[in-house]
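Let me begin by presenting the structure, written as structure tokens, before commenting on it.
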Amino acid sequence: MKLLIKGGELVNTEKCLLERVDVLVDNGIIAAIGKDLPASGAQVVNAKGKLVCPGLIDMHVHLREPGYEAKETIASGTRAAARGGFTAVACMPNTNPVADNASVVRYILERAAAEGLVRVYPVAAITKGSKGQELTEMADLKEAGAVALSDDGLPVTDAGVMRRAMQYASMLDLTIIPHCEEKSLVDKGVMNEGYYSTVLGLPGIPAAAEEVMVARDLILAENTGCAVHIAHVSTAGSVELVRRAKEKGIKVTCEVAPHHFTLTDQSVTGYDTATKVNPPLRTSADVEAIKQGLADGTIDVIATDHAPHTVEEKMVEYQYAPFGLVGLETAVGLVFTELVETGVLTSAQAIAKLSLNAAKVLGVPGGILAEGERADITIIDPKAQEEVNPDNFASKGRNTPFAGRLLRGVPLMTVVGGRIVMQDRRVMS
Amino acid sequence: MGLQCKHMLGLQDISVQDIEKVLDTAKPMKDIIGRKIKKVPTLRGRSVVTVFYENSTRTRMSFDLAAKYLSADTVGLSASSSSVQKGESLIDTARTVEAMGADVVVLRHPASGSAELLAKTVNCAVINAGDGLHEHPTQALLDMFTIREHKGKIKGLKVAIIGDILHSRVARSNIWGLTKMGAEVRVAGPATLLPPEMDKLGVKVFTRVEDALEGADVVNVLRIQLERQKQGLFPSLREYAQLYGINKERIALAKADVLVMHPGPMNRGIEITAEVADSQQAVINEQVNNGVAVRMALLYLLTGGETVETTY
Ligand SMILES: [Zn+2]
Ligand SMILES: [Zn+2]
């Protein structure tokens, strides 16, 4: 099947610019890019005024399968990804059982091949059971298809274990994605420590709980030479630590989740459990620092940390609710509304953080639209508006703090390997 | 006439008029308690359900008596915190209460925001009898009632709140209420027991208790939970008593007619010496009595607030 995407603004993620050209897809790969390509026998998509982007890659999602299928499955999670404009996701290993051995990684890949609508890249655990004690068989995991290592959801508490993990992973050329949280500073905290935790009477999580661990892992990254990608940075201090580490030449990259550049801890007022997320929503000063970090390149990647939970789990007292919100289907809208419309990033810079940079960190193909590349493409209407309605989510998760919010920037089409998996907000079956 | 607010969840979002109305209504209610036959038919046929996820015999009895003096039917639902872990959710409890036809639910719960969650779920009025570290509005209202009774006003008074501010819902409700009514509020406690950015609540924050006591009209001494020491929040009870214990010498820094308050139960010899607790300046037992009156006023106002029956 041939597909001709005509007249769109092609996003060049390497040069960070837009070019008005046609894209011809044939047999799953990009056959031609150029002006006024002939339509001969191809399905034509008129992309005038739309952005034609390399397929978006969300390098931080929780698909919940195996073990927590009531929250999400590989099928529902990848449908949510397709609806959100993502052609690939990297899934975190905190499933049950934990993806700490090759058979779980293979299981995920098999399920993804059978019922996944987009590409799935498993991230395997750093330590067995993500317990922070014994290293996983990293070579075996890589062989099975794991693209990186993380104990996400939990920090690797023991610095000695983390150091050995980094030494071993760097030998295998695997990136470590640390979830930075010093538990002794978190205690029973459920939201950012500050004015609002004082008013709401909720136990606070200080910014220092994240920053202490970011600092430790940066020191260990320098010490071991391991490539480290800091997951979900949320504080001004973390951004500054990463900035200085990069200046020093340490192999570090980092990501931010859309809710962390959109919301502050003020949103917790009213105790909506959809605002309970780890790391927590921070202050407006942190949001400003994150935007600065995105603009100056300190923050490489935008990833959602998509964390679905059931309605019943979230319909409880704030302190008892699980951490996490769903992000796949609101990410593009939040990026365009909060970053592109406001001039923090150009649309091409934003797309680079949603595709090319994630591909680079994971060492997977994608992020570039060029002849001969496989045809993973996302078409976005940067001007269209849409109100967030969780009832329309393809994800099983409804836990979003953005319900009812009007977002500008709508993914219109998702193409994976030349196949249209989402068109006009409808996911293909 | 009733209140502008449908529920009593906290004093942060309550209007000055509503606070004044509760305090004004508590006065005739207190008269009822002073009578030989302490019962009026005002809430006959109405039902009040108390749901306590935390033990607090005092608060529960206070609400129970308040409801009974007004002739309401009362039911107590005891749900231990462990039932929360068993998956018995607050929402389930709320539905049960609603099915019972409650007019008012009184909730005591260890989680902040639980009263607000309950209010979103049920149609009847909800009174927050203490939710986590968040608010304990009826305690603050009875404190304010007591202050007004003795001082004739609240505006312009200097009120010092001493102790574990971090874990105190009493302190938070008092701060909102008192600052709204025009008092100058100071808080003092060890740095590890002071929540961050407290000054943005419109209070003066001290770590030296003497600074907070200087010229105070009212001193509200909070109960220190012995388990906080085990959590490492301060080194020892001995040191706490030495630095923050309200004793005769320290109370002398306040005005001569200072009012000494305590939400009870007291740890005598730790946060307050027996000498001060039993002194003329202390109104701790009066607070208990006023608690019933204030809760009567609230029950009455939240159920519509038609004419108070005072004719027998
Ligand atoms: Zn994480
Ligand atoms: Zn995560």
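The values are calculated or read from the model by the stated rules, or taken from the named source; none is laboratory data. Just so it is clear, the structure is predicted and the values come from calculations on it, not from any experiment. Cβ atoms come from the backbone with ideal geometry, glycine included; neighbour counts cover every protein chain shown. Just the protein is used for accessible areas: all its heavy atoms, side chains included, with ligands, DNA and RNA removed. Shrake-Rupley method; radii C 1.70, N 1.55, O 1.52, S 1.80 Å.
Things worth noting here:
- Scanning region B:230-244 for residues that are without any contact (Cβ under 8 Å) to a residue 40 or more places away in the chain and not polar (S, T, N, Q) turns up B:230, B:232, B:235, B:237, B:238, B:239, B:241.
- Checking each residue of region B:40-54 against the condition of being open to solvent by less than 10 Å² (accessible area, probe 1.4 Å), within 14 Å of another protein chain (Cβ to nearest Cβ) and touching a residue at least 12 places away in the same chain (Cβ under 8 Å) gives at least one match.
- Count - residues of region B:127-154 that are closer than 12 Å to residue B:23 by Cα and among the basic types (Lys, Arg): 2
- So residue A:269, is it away from ligand 1 (no atom under 16 Å from the Cβ) and within 14 Å of another protein chain (Cβ to nearest Cβ): yes
- Exactly one residue among A:185, A:149, A:154 is within 16 Å of ligand 2 (Cβ to nearest atom) and open to solvent by 50 Å² or more (accessible area, probe 1.4 Å), and that residue is A:154.
- Matching residues in region A:256-273 - criterion: being of a type in the set (S, T, N, Q) and surrounded by 23 or more Cβ atoms within 10 Å (Cβ to Cβ): A:273
- Whichever residue in region B:96-117 is within 12 Å of chain A (Cβ to nearest Cβ) and open to solvent by 10 Å² or more (accessible area, probe 1.4 Å) and, among such residues, is farthest from residue A:198 (Cα to Cα): B:117
- Filter result for residue A:191 (open to solvent by less than 40 Å² (accessible area, probe 1.4 Å) and either modelled with pLDDT under 95 or farther than 29 Å from residue A:145 by Cβ (or both)): yes
Residue-wise test of (1) of a type outside the set (A, V, I, L, M); (2) touching a Cys at 6+ places or on another chain (Cβ under 6 Å); (3) farther than 21 Å from residue A:350 by Cα.
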| site | (1), (2), (3) |
| --- | --- |
| A:381 | yes, no, no |
| A:385 | yes, no, no |
| A:391 | yes, no, yes |
| A:414 | yes, no, no |
| A:421 | no, no, yes |
| A:428 | no, no, yes |
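- Residue list for region A:84-112, restricted to those being buried (at least 24 other Cβ atoms within 10 Å of the Cβ) and either of a type in the set (Phe, Trp, Tyr) or in contact (Cβ under 8 Å) with a residue 60 or more places away in the chain (or both): A:84, A:85, A:86, A:87, A:88, A:89, A:90, A:92
- Any helices (runs of 4 or more DSSP H) falling wholly within region A:173-257 and containing at least 3 residues that are away from ligand 1 (no atom under 16 Å from the Cβ): A:195-200, A:207-224, A:236-247
- Hits in region A:252-276 - residues which are out of contact with any strand residue (DSSP E or B) (no Cβ under 9 Å at 6 or more places or on another chain) and either basic (Lys, Arg) or within 15 Å of ligand 2 (Cβ to nearest atom) (or both): A:259, A:260
- Only one of the numbered conditions (1) facing chain A (nearest Cβ under 10 Å); (2) open to solvent by 10 Å² or more (accessible area, probe 1.4 Å); (3) over 18 Å from the mean Cα position of the chain (by Cα); (4) in contact (Cβ under 8 Å) with a residue 24 or more places away in the chain is not met by residue B:198, and that is (2).
- Residues that are within 16 Å of ligand 2 (Cβ to nearest atom) and in contact with a helix residue (DSSP H, G or I) (Cβ under 6 Å, 6 or more places away or on another chain) do not occur anywhere in region A:101-109.
- Residue within region A:70-84 that is of a type in the set (A, V, I, L, M), within 16 Å of ligand 2 (Cβ to nearest atom), assigned to a loop (DSSP other than H, G, I, E, B) and touching a Ser or Thr at 6+ places or on another chain (Cβ under 6 Å) present: no
- Residue in region B:150-164 that is modelled with pLDDT of 95 or more, of a type in the set (Gly, Ala, Ser) and buried (at least 17 other Cβ atoms within 10 Å of the Cβ) present: yes
- Looking across region A:396-429, the residues that are part of a strand (DSSP E or B), on the phi < 0 side of the Ramachandran plot and of a type outside the set (A, V, I, L, M, F, W, C) come down to A:408, A:411, A:414, A:419, A:423, A:426.
- Extreme residue, nearest to the other protein chains (Cβ to nearest Cβ), among residues of region B:1-36 that are free of Cβ contacts under 8 Å to residues at least 24 places away in the same chain and part of a loop (DSSP other than H, G, I, E, B): B:13
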